[in-house]
Amino acid sequence: MPTYVQIYFASQDSGDRLLSRVGAALGVRFEPVDRPYADYRASTGDLVLDLAFSHELEDDAGVPFESMPHVLTVRDLQRGQHEEPAAREMFRRLERVGYRPMYLVKGLVPISPGRE
């Protein structure tokens, strides 16, 4: 099983505004990183949050990845079971901000109904 959970989402925001709004919603401060899978990273407790402004996935398994350019990856540094409950809470927080569509996935399989 993957040791991370991802939130794919769309937004009218971009760049600094997206970074600011996501960070505020999650209560974290993102810093730039040079990773092929992330543009920014934040940490909170044992969790690492990687935010990418784009990805190369095509629609699959009923998930419209192509209409959701942003992805937040939630990883537990202790490889425990904390990433999924934390990601579910982050999903709710981002949903309150108004990001749509949104899907919570684990191993590219939806684990929560998407929000269109």
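Pairs linking a residue in region 2-23 that is without any contact (Cβ under 8 Å) to a residue 12 or more places away in the chain to a residue that is assigned to a helix (DSSP H, G or I) and surrounded by fewer than 19 Cβ atoms within 10 Å (Cβ to Cβ), with Cβ atoms under 7 Å and 6 or more positions apart or on different chains, are D13/R21. The residues on offer are V63, V28, and the sole one that is of a type in the set (V, I, T) and modelled with pLDDT under 95 is V63.
Comparison of V48, V33, V28 shows that the only residue that is over 14 Å from the mean Cα position of the chain (by Cα) and among the aliphatic types (A, V, I, L, M) is V33.
Just name the residue that is surrounded by the most Cβ atoms within 10 Å (Cβ to Cβ) out of those in region 74-89 that are part of a helix (DSSP H, G or I) and either in contact with a Cys (Cβ under 6 Å, 6 or more places away or on another chain) or not acidic (D, E) (or both).
Filtering region 74-89 for residues that are part of a helix (DSSP H, G or I) and either in contact with a Cys (Cβ under 6 Å, 6 or more places away or on another chain) or not acidic (D, E) (or both), the one surrounded by the most Cβ atoms within 10 Å (Cβ to Cβ) comes out as A87.
Taking region 37-91 only, how many residues are among the polar types (S, T, N, Q) and closer than 11 Å to V5 by Cβ? Here the count works out to 2. Listed by first and then second residue, the pairs with beta-carbon distance under 7 Å, at least 6 apart or on different chains, first residue in region 73-100 and of a type in the set (K, R), second in a helix (DSSP H, G or I), are R75/E83; R93/A25; R93/L26. For beta carbons closer than 8 Å, sequence separation of 6+ or different chains, a first residue in region 45-60 that is closer than 18 Å to G107 by Cα and touching a residue at least 12 places away in the same chain (Cβ under 8 Å) and a second that is among the polar types (S, T, N, Q) and surrounded by fewer than 16 Cβ atoms within 10 Å (Cβ to Cβ), the qualifying pairs are L49/S43. Per the listing R96, R21, the residue uniquely in a helix (DSSP H, G or I), surrounded by 14 or more Cβ atoms within 10 Å (Cβ to Cβ) and of a type outside the set (A, V, I, L, M) is R21.
I'd like to check something: does region 46-68 contain any residue that is surrounded by fewer than 16 Cβ atoms within 10 Å (Cβ to Cβ), charged (D, E, K, R) and in contact with a Leu (Cβ under 7 Å, 6 or more places away or on another chain)? Scanning region 46-68, I find at least one residue that is surrounded by fewer than 16 Cβ atoms within 10 Å (Cβ to Cβ), charged (D, E, K, R) and in contact with a Leu (Cβ under 7 Å, 6 or more places away or on another chain), so the answer is yes.
The values are calculated or read from the model by the stated rules, or taken from the named source; none is laboratory data. Just so it is clear, the model here is predicted, and its values are computed rather than measured. Heads up, the Cβs are rebuilt from the backbone with ideal geometry, glycines too, and the neighbour counts pull from every protein chain shown.
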